Amino acid sequence: MRFAVDSWLLAALLLLAAVVGTRAWLHDHPQYDPWAPLSLDDNPDGWATRRKLARLRDNKAECRAFLTRSDIAFTPLPPAGKAACHRADRQTLAPERPLGLVLHPAGAEATCAVDAGLALWLRHGVQPAARAFLNTRIVGLEHYGTQNCRRIGNGATGRWSEHATGNAIDIAGFILADGRRVRVRRDWRGRDDAARFLHAVRDAACDQFATVLSPDYNAAHADHLHLDQARRGSMAGSFCR
């Protein structure tokens, strides 16, 4: 009887140690912890990070809590638009200069999930690529807009674009701290560091956005990177071309 009790106690202690050890490991690796709130510092390679980011696409309050935790200022806007172009999730970002999240032109109205994706992309993809390929940092993003009430391909029929609800942004170029500019139309097809930088940031965007379309996709994207946060569920991957 004593042996059975001792065996049960040992098993319970081993289980407790395993639980405590697992929790400690997850604390040090939040990218694998589904219970930890998403942080700007979370490694995008972790499966939990991707699931948490995907959840932000469906939960405006959780998304805005992430921006607040990350000290990224935003201004919520009232709903606008009608029918397929109704925008219930609508906000503008204040310039976040340390991160490089400064949009040109300013005042772009996007969903919170787009803004969250931009912040994570800059931290984990754009700034590291700028250091590696261009030996400088990014101080601004040039874009062609976020909201446009239209269908994909501007046709009269077919699926509505994510731009219809401001759930997308078209990035045209990057402003560097040393005054240079890297532009998608001019530099994508090159063989220099600017082209390598653009391809690297395109690939990195696939960790933060549901859809990433580049000049490699079709001629309609020859001058920009289309980034959107289409809702595909927490387990779905991104469409990246």
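Quick look at the values:
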read-out: Qualifying residue in the range 220-237 (condition: surrounded by 16 or more Cβ atoms within 10 Å (Cβ to Cβ), over 21 Å from residue 56 (Cβ atoms) and not charged (D, E, K, R)); value: yes
read-out: Residue within the range 14-26 that is within 24 Å of residue 102 (Cβ to Cβ) and either at pLDDT below 55 or assigned to a loop (DSSP other than H, G, I, E, B) (or both) present; value: no
read-out: Output for the range 64-117, where each listed residue is among the charged types (D, E, K, R) and touching a helix residue (DSSP H, G or I) at 6+ places or on another chain (Cβ under 6 Å); value: 64, 87, 89
read-out: Residue that is farthest from residue 82 (Cα to Cα) [pool: residues in the range 158-208 that are touching a strand residue (DSSP E or B) at 6+ places or on another chain (Cβ under 7 Å) and of a type in the set (Val, Ile, Thr)]; value: 182
read-out: Whichever residue in the range 154-206 is crowded, with 21+ Cβ neighbours inside 10 Å and charged (D, E, K, R) and, among such residues, is farthest from residue 42 (Cα to Cα); value: 162
read-out: Residue in the range 65-89 that is farthest from residue 204 (Cα to Cα), counting only those that are touching a strand residue (DSSP E or B) at 6+ places or on another chain (Cβ under 6 Å) and in contact (Cβ under 8 Å) with a residue 40 or more places away in the chain; value: 81
read-out: Residue 169 being within 24 Å of residue 95 (Cβ to Cβ) and either polar (S, T, N, Q) or in contact (Cβ under 8 Å) with a residue 60 or more places away in the chain (or both); value: yes
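The values are calculated or read from the model by the stated rules, or taken from the named source; none is laboratory data. Computed from a predicted structure; not experimentally measured. Here Cβ is always computed from backbone atoms with ideal geometry, including for glycine, and neighbour counts include all displayed protein chains.
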